[in-house]
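Heads up, the thing below is written out as structure tokens.
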């Protein structure tokens, strides 16, 4: 990878969340975008933490939303370590469209993706401690962006665990206001509002 020019990572899961990005490395400006030619799914990317993650796979005529994040060249090894199990590949400018009437910066665009999806299961379900971080990040970019995340993600019928009392996600954010998140999640998850409303231990 050449160190010249500007480099950007397309974050479509927990990297949407500014606080979560900061736990990995230094980043710069952020643009909310749609990525075309990829579809986002829930998938078991690693069984290390007993949870599933979101991943994108190349699918013609499909799209997902995310954020384009400027990342200094010397920080890429930190993000590669965070995204172990994924492949990092270059995406083209014509695969991106901005949410707002703004031009995207010039540079090299990267996305972490997979070629093999593994459906979540009881041992590695979708967990709220991870999902809360993603949705809180989405809300940083507005309601339309958040709804697009929910609608443009496949696999919501998979097993889902409310692990807020004993979080499995290593970069959990236990101070998040969950009432709004519960309302957003209720239409798409397998849990009821009552089951969703268990909050983090103080």
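Just to be sure I follow: if Rg is taken over the C-alpha atoms of segment 1-111 and Rh is the Kirkwood radius over the same atoms, what is Rg/Rh?
With Rg and the Kirkwood Rh in hand, the quotient comes to 0.94.
Quick one: check the C-alpha center-to-center distance for segment 130-202 versus segment 1-78, whole angstrom. Comparing the Cα centres of segment 130-202 and segment 1-78, I get a distance of 18 Å. If every alpha-carbon in segment 7-196 counts as one equal scatterer, what log10 I(q)/I(0) does Debye give at q = 0.12, 0.17, 0.18 1/Å? For segment 7-196, the Cα-only Debye profile gives -0.53, -1.14, -1.29. Size descriptor for segment 69-182, Kirkwood hydrodynamic radius: 16.7 Å (Cα pairs only, one decimal).
Read the figures in this text as sums done on the coordinates, not as results from a lab. Quantities reported herein were computed from a predicted structural model and do not represent experimental measurements.
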